[in-house]
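Report on the structure given below.
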Amino acid sequence: MLDDRKQREDMIESLVREFHVDVNVLGRDGTALHIAIQSEETDTVDLLLNLGADVHVRDHLGQDALEYAISHNKLFPPRLAQLSRHTSLAIDAEKRRLAARIIQSQTHSIIRHLCALVSDSSIDTTVEQKLDVVEHAWRSCNIEEELTMIWARNLSLAALQWYIVEVEAKGVVEDYMVAAEVTVAVAGRDFCAYNMMLVPDVQEPASRVCDSIETEPSEAAQIVARYFMPTHVHLHEKLGRELMKRLSDAALRALSSIICSPDAQLFVKGREAQYLEEDDLYQHFVHTQGWELDRPRLPSPSSQRTADATVA
């Protein structure tokens with residue numbers, strides 16, 4: 001095994017020094033540095049740093065090498081932290097704090113989503129009483145900490161900060177959540193879990209009207225629709241119409257102006273990445289209460305994209 005690792009490291013060094021391969025090229029799983037950290041190959045991490053690997057390059061979720069290592073509880077050489085802009089403890093604490101804060105602001109929507117997961121036969125009461133039962137069970141189980149860990153692991157610090165600065169601080173949390181819930185309703189129950197958006201591998205450029213207060217409501221609605229449902233083009237018009245019914249013109253303009261930034265896209269991608277973990281947590285919660293699910297397990301985003309491509 002040691003010989004295999006030595007051969008692999010020799011090959012990496014040869015590719016970079018002799019064939020001038022860019023050590024910082026970004027692939028689906030991040031840079032070579034991210035991949036080495038994922039495998040906890042600390043010697044390879046040191047080698048890549050010697051070969052000029054940039055510790056500040058972010059992966060597709062917006063996490064640089066140190067943040068990735070911390071978020072996924074991976075071993076890394078001390079040198080990585082020394083070259084980074086932040087300390088590992090500071091990153092970990094800040095991500096957990098922001099994730100917990102966002103989850104707290106979305107608690108009522110999460111509970112409504114859980115209500116939709118639970119079959120009516122399991123809790124045979126009125127809608128209001130069902131909400132009360134689920135909320136009491138949610139707070140009794142105290143699973144917010146587990147959910148916070150999932151969010152902190154998959155969402156980058158930049159994405160979490162974007163939500164706080166752009167969504168929360170500008171007072172559009174309720175409108176954002178309404179738009180997310182309308183998306184789920186339009187797409188159907190089997191489309192996604194709560195506030196879960198399928199994201200294509202390549203994002204379209206942000207619309208040039210995103211920052212304009214003169215944006216027509218219908219155009220703003222389409223911008224929001226493309227953000228929440230980027231891979232389901234055939235549903236954009238329908239989603240746009242429903243958003244216009246539920247949200248004011250001012251709300252649509254406000255949302256369309258904040259969701260076109262790169263960090264907004266990172267938030268969506270991070271939510272996609274945590275899809276299965278979060279859904280597993282919700283299903284476990286339902287089962288521990290002795291309730292039955294009102295739908296089968298949802299497909300993962302990647303399998304859904306494969307299915308869509310096959311049909312196409």
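The values are calculated or read from the model by the stated rules, or taken from the named source; none is laboratory data. Values in this document were obtained by computation on a predicted structure and should not be read as measured data. Here the Cβ positions follow ideal geometry from the backbone for every residue, glycine too, while neighbour counts run over all protein chains shown.
What the table below lists for this structure:
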| item | result |
| --- | --- |
| Qualifying positions in region 59-83 - within 17 Å of the chain's Cα centre (by Cα) and surrounded by fewer than 19 Cβ atoms within 10 Å (Cβ to Cβ) | HIS72 |
| Those residues of region 31-55 which are within 17 Å of LEU15 (Cα to Cα) and polar (S, T, N, Q), in sequence order | THR31, THR44, ASN50 |
| Per-region count, region 279-295, residues at pLDDT 90 or above and under 18 Å from LEU155 (Cα atoms) | 2 |
| Residue match in region 169-176 (condition: in the same structural domain as TYR275 (by TED's automatic domain parsing), of a type in the set (A, V, I, L, M) and either modelled with pLDDT under 85 or under 19 Å from GLU278 (Cα atoms) (or both)) | no |
| Matching option when the condition is within 30 Å of GLU135 (Cβ to Cβ), surrounded by fewer than 19 Cβ atoms within 10 Å (Cβ to Cβ), at pLDDT below 90 and not charged (D, E, K, R), among HIS86, HIS108 | HIS108 |
| Scan of region 225-262 for residues that are buried (at least 17 other Cβ atoms within 10 Å of the Cβ), in a loop (DSSP other than H, G, I, E, B) and either over 17 Å from the mean Cα position of the chain (by Cα) or on the phi > 0 side of the Ramachandran plot (or both), ordered by number | HIS232, LEU247 |
| Residue list for region 127-174, filter: of a type in the set (S, T, N, Q), part of a helix (DSSP H, G or I) and without any contact (Cβ under 8 Å) to a residue 40 or more places away in the chain | GLN129, SER140 |
| Qualifying positions in region 89-105 - among the polar types (S, T, N, Q) and surrounded by fewer than 14 Cβ atoms within 10 Å (Cβ to Cβ) | GLN104 |
| GLY52 being at pLDDT below 95 and out of contact with any Leu (no Cβ under 9 Å at 6 or more places or on another chain) | no |
| Number of positions in region 83-94 that are of a type outside the set (A, V, I, L, M, F, W, C) and under 14 Å from ALA53 (Cβ atoms) | 1 |
| Residue that is out of contact with any helix residue (DSSP H, G or I) (no Cβ under 8 Å at 6 or more places or on another chain) and of a type in the set (Gly, Ala, Ser), where the choices are SER71, SER88, SER121 | SER121 |
| Answer from GLN63, GLN129, GLN38 - the residue that is within 28 Å of ALA169 (Cα to Cα) and either out of contact with any His (no Cβ under 7 Å at 6 or more places or on another chain) or outside the structural domain of ASN154 (by TED's automatic domain parsing) (or both) | GLN63 |
| Selected residue [under 21 Å from the mean Cα position of the chain (by Cα), at pLDDT 80 or above and not basic (Lys, Arg)] from GLN304, GLN265, GLN222 | GLN265 |
| Filtered residues of region 198-219 (kept if of a type in the set (Val, Ile, Thr) and at pLDDT below 50) | VAL199, VAL202, VAL209, ILE213 |
| Test: residue in region 110-118 that is out of contact with any helix residue (DSSP H, G or I) (no Cβ under 8 Å at 6 or more places or on another chain), among the hydrophobic types (A, V, I, L, M, F, W, C) and over 27 Å from ASP43 (Cα atoms) | yes |
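Residues checked against (1) part of a helix (DSSP H, G or I); (2) more than 20 Å from LEU266 (Cα to Cα):
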| residue | (1), (2) |
| --- | --- |
| ILE37 | yes, yes |
| ASP43 | yes, yes |
| LEU47 | yes, yes |
| GLY52 | no, yes |
| VAL55 | no, no |
